[in-house]
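What follows is a single structure, written as structure tokens, with notes after it.
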């Protein structure tokens, strides 16, 4: 089963890459969906790593840092949710509403705090990935006005 | 032919132990489905709904950590 999965992914990736090359562009709603999901995934990967390190009693995060990061992550997820709700409500031809622009900008600032708490730790790289994903979402929101 | 975006993303997520770039893969999938003319607004709405549910669940875990009630 594992071998079949290993084989499936490269074939899927190749097929989808070819199709993407032949295909059309995403509309604003689809881009918001894509980028919000990518931001969520990056947040979740960071959370899983941070939690794993915490429960393994690694030097980082301390109990206080774990609590601080929990608060930041909670607020970040709320922003992802708000963007998703607003994105789902978009109608064809709508420009990006202020809600999405504001939430994504606030998320960018919040991720900066996450980056600061993760600097020099095993989670730093994932925090960097998170920052890039949120910047992409912010750029998509700005481009859809 | 319509694709169920949520199921497809679920499949890709299940491959994540073998795919370090799973995040990029999600982006490729959605873009490719649109390119194939297979991604409808209903699919996008369904994905937003699934995303909201997943984020709510993840937020609950974050809230537990934030409360200080998450013992090592």
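Taken together, the values in this text are just the output of simple stated rules run on the coordinates, not laboratory data. Just so you know, these numbers come straight off a predicted model, no measurement behind them. Ideal geometry is used to build each Cβ from the backbone, glycine not excepted, and the neighbour counts take in all protein chains shown.
The ranking of A:112, A:140, A:99 by Cβ neighbour count inside 10 Å, starting from the fewest, reads A:112, A:99, A:140.
Sorting A:81, B:56 from the fewest to the most surrounding beta carbons within 10 angstrom yields B:56, A:81.
Can you grab the distance from the C-alpha centre of the range A:98-117 to the C-alpha centre of the range A:35-63, Å, no decimals? When both Cα centres are located, 17 Å separates them. Among A:118, A:95, the order by Cβ neighbours within 10 angstrom, fewest to most, reads A:95, A:118.
Across peptide A:27-35, the mean count of Cβ atoms from other chains lying within 10 Å of each residue's own Cβ comes to 5.
Relative contact order, whole percent, for the range A:38-145 stands at 35, derived from Cα pairs under 8 Å and 6 or more residues apart.
Across peptide A:61-73, the mean count of Cβ atoms from other chains lying within 10 Å of each residue's own Cβ comes to 4.
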